[in-house]
């Protein structure tokens, strides 16, 4: 089970310690640059779409099974599968974002807390009850 | 970027061709068996929780960049990143499900369209606007 990057995040956020924990917590917009070899897989994505970006959190620790949620030592140790901690056996990030613009093989997206250089491994449309009848 | 299975789906669905396209389209409940080595990462997950299960769709084709959405030839070819097609460069499945029961290192979850034997690579709590203030 080998992931290949399909793109990369280009963001003004350069350090993990300065990134918010979720996109909704004050994160900026960023560019998602898709590799030219897979750019045609973007066909059908347009400004205004809600998508989920899957990233590989390459700074994360994979040997951590319990954390204090939100790095708050007052909270009891909790299994990482019950949290959104980036430290987990397979550090895949899920980022629901809005597409602001599409410029060839680049998507302007946000808000997103992923830092500059984070590899992107997949992009999916958001499915919700209302959309199910029309989203492919 | 190497994924290691953290568990496996045990389902009555045995064939991809018989699986619904989404869990909400008549899929059954299933068991998610977590490897004993990472079982403590489940700590904090309880019956009634909404979680997202990430799977590795090991029967998918990774060289497909465009598909007819929902396998309907009348629909125009669309980039896989604008669809939920299992065929895509990194065939990660996202399955929002409800936890029905927790029995040691096994979660009864559903509804879920993943077929029997599908490797599981991550489990995350669902974040939505209402929950953000209380979910870790």
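Read the figures in this text as sums done on the coordinates, not as results from a lab. Quantities reported herein were computed from a predicted structural model and do not represent experimental measurements. Please note: Cβ atoms are built from the backbone with ideal geometry, for glycine as well, and neighbour counts cover all protein chains shown.
For residue A:58, the point set 7 Å out from Cα toward Cβ sits 2.7 nm from its twins in the other copies, listed from shortest up. Annotation for residue B:50 and residue A:21: the two label points, set 7 Å from Cα along the Cα-Cβ direction, are 1.9 nm apart.
Within the listed set B:48, B:117, B:37, the Gaussian network model of chain B (springs between alpha-carbon atoms below 10 Å) gives the highest mean-square fluctuation for B:37. Each other copy places its own label point for residue A:16 at 3.4 nm from this one, sorted shortest first, where the point lies 7 Å along the Cα-to-beta carbon line. When only alpha carbons of region A:30-99 are considered, Rg and Dmax amount to 15.9, 48 Å. Residue by residue along A:87-100, Cβ atoms of other protein chains within 10 Å of the local Cβ number 4 on average. Computed with the Debye formula from one identical point scatterer per Cα of chain A, without solvent, the log10 of I(q)/I(0) at q = 0.11, 0.15, 0.21 Å⁻¹ comes to -0.42, -0.77, -1.30. Look at the Cα gyration tensor of region B:1-64: its axes a ≥ b ≥ c give a/c of at least 1.5 with a/b at or below b/c, and that counts as oblate.
Take residue A:71, push a point 7 Å out from Cα through the beta-carbon direction, and compare it with the same point in every other copy: 4.6 nm, smallest first. Please say if region B:89-130 is rounded, prolate or oblate, where rounded means a/c under 1.5 for a ≥ b ≥ c the square roots of the C-alpha gyration tensor eigenvalues, and otherwise the choice is prolate for a/b larger than b/c and oblate otherwise? Oblate is the answer for region B:89-130, as a/c is 1.5 or above yet b/c matches or exceeds a/b.
Oblate is the label for the protein assembly as shown, because the ratio a/c of its alpha-carbon gyration tensor axes (a ≥ b ≥ c) is 1.5 or higher and a/b is not greater than b/c.
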